[in-house]
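The values are calculated or read from the model by the stated rules, or taken from the named source; none is laboratory data. Since this is a predicted model, take the numbers as computed values, not measurements. Methodologically, a virtual Cβ is constructed for each residue, glycine included, from the backbone with ideal geometry; neighbour enumeration extends over all protein chains shown. Areas reflect the complete protein model, heavy atoms only, side chains present, ligands, DNA and RNA absent. Shrake-Rupley method; radii C 1.70, N 1.55, O 1.52, S 1.80 Å.
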Amino acid sequence: MSPIAMAQDIAQKNTLRLMVAAESVETPAARRVLAQAAEVLRAGGTVAFPAETVYGLGANALDAEAVAGIFVAKQRPAWDPLIVHVSGRVMLDHIVADVPVRAQKLIDAFWPGPLTLLLPRLATVPATVTAGRALVGVRLPAHPVARALIAAADVPVAAPSANRFGHTSPTTAQHVLDDLDGRIDLLLDGGPS
C-alpha cells in the first residue's frame with residue numbers, strides 16, 4: 001500500500017481500546033484481550049501497549065507494510081530505525097544473524113528489561129525497520145503486558161514510542177489516545193507505564 005493510501009486509511013480508523021491489567025495477564029479475560037491484539041498484529045495492524053517506561057506502538061517486525069503503518073501513524077521519518085521486541089531467544093534467533101558472547105552475557109544479566117542490543121539482522125527483517133542499516137536494535141521487554149502480547153502474537157514486534165514523531169513519549173493510555181486516536185488500530189490499556 002502506498003504512503004498516500006495508508007494516510008487515507010488512517011483517517012478512517014477507529015482505535016479500539018481494550019483493558020488488560022499487568023498483574024492479571026494469565027486470566028481468561030486477559031488472554032482473550034491479548035489474543036485479539038495479537039491477531040491485529042499478525043494481520044498487519046498497529047497496536048499500542050505498555051512497556052517498562054512508555055507505551056510503544058507495535059507492528060509485526062517481519063511485515064514491511066505493517067512496519068510502514070508505524071511510520072505513517074507517527075509521522076516518523078524513514079531514516080529513524082525501530083527497535084524490535086522479542087519474546088525470547090528462539091524469536092531472537094529468527095531475526096539476528098549472530099549473538100556474540102559479549103552480547104549473550106548482557107542478555108543473561110539484563111533481559112528481560114529495557115536494554116537494547118544492536119546485532120546483525122537477518123534478511124527476514126525488512127530494511128524499513130533498520131532504516132537500511134545492517135544492525136537491528138533488539139529488546140526483550142520486562143513489562144508483563146508487552147511480553148504476553150509478543151508471545152501471543154508469536155511474531156517479533158517493531159515498536160517505537162506510541163506518539164507522533166517529536167511529541168512527548170506517552171506514559172498512560174490516555175496520552176496515546178491524545179496523540180494517535182484514529183491513527184492506530186488498537187490500544188491495550190494496561191495502566192501507567
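Would you mind finding the one in 125, 129 that is touching a residue at least 24 places away in the same chain (Cβ under 8 Å), touching a strand residue (DSSP E or B) at 6+ places or on another chain (Cβ under 8 Å), in a loop (DSSP other than H, G, I, E, B) and open to solvent by less than 20 Å² (accessible area, probe 1.4 Å)? First the steps, then the outcome.
Values: 129 fails: in a loop (DSSP other than H, G, I, E, B).
None of the others qualify; the one that does is 125.
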Pairs only if they're at least six apart or on different chains, beta carbon under 7 angstrom, first in the range 12-23 and in contact (Cβ under 8 Å) with a residue 24 or more places away in the chain and in a loop (DSSP other than H, G, I, E, B), second surrounded by fewer than 17 Cβ atoms within 10 Å (Cβ to Cβ) and of a type outside the set (A, V, I, L, M); list them, first residue then second. 13/182; 14/182; 15/181; 15/182; 21/191
Of a type outside the set (Val, Ile, Thr), farther than 17 Å from residue 94 by Cα, surrounded by fewer than 20 Cβ atoms within 10 Å (Cβ to Cβ) and in contact with a helix residue (DSSP H, G or I) (Cβ under 9 Å, 6 or more places away or on another chain): is that true of residue 170 in this structure? no
If only one of 81, 112, 77 is open to solvent by 20 Å² or more (accessible area, probe 1.4 Å), assigned to a loop (DSSP other than H, G, I, E, B), touching a Ser or Thr at 6+ places or on another chain (Cβ under 6 Å) and not hydroxyl-bearing (Ser, Thr, Tyr), which one is it? 81
Just to be sure before I move on: is residue 98 without any contact (Cβ under 8 Å) to a residue 24 or more places away in the chain and either on the phi < 0 side of the Ramachandran plot or open to solvent by 50 Å² or more (accessible area, probe 1.4 Å) (or both) in the structure I sent? yes
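Return the residues of the range 170-186 that are farther than 17 Å from residue 44 by Cα and of a type in the set (Asp, Glu); say none if nothing qualifies. Explain how you work it out, then say what you get.
Taking the range 170-186 as the starting set, the residues that turn out to be farther than 17 Å from residue 44 by Cα are 170-181.
Hits for the range 170-186 are 178, 179, 181.
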Could you tell me whether the range 154-166 includes any residue that is open to solvent by 10 Å² or more (accessible area, probe 1.4 Å), modelled with pLDDT under 95 and more than 16 Å from the chain's Cα centre (by Cα)? yes
Note: among 56, 44, just one is open to solvent by less than 70 Å² (accessible area, probe 1.4 Å) and either at pLDDT below 95 or assigned to a loop (DSSP other than H, G, I, E, B) (or both), namely 44
Single unsatisfied condition, residue 118 versus (1) buried (at least 19 other Cβ atoms within 10 Å of the Cβ); (2) in contact with a strand residue (DSSP E or B) (Cβ under 7 Å, 6 or more places away or on another chain): (1)
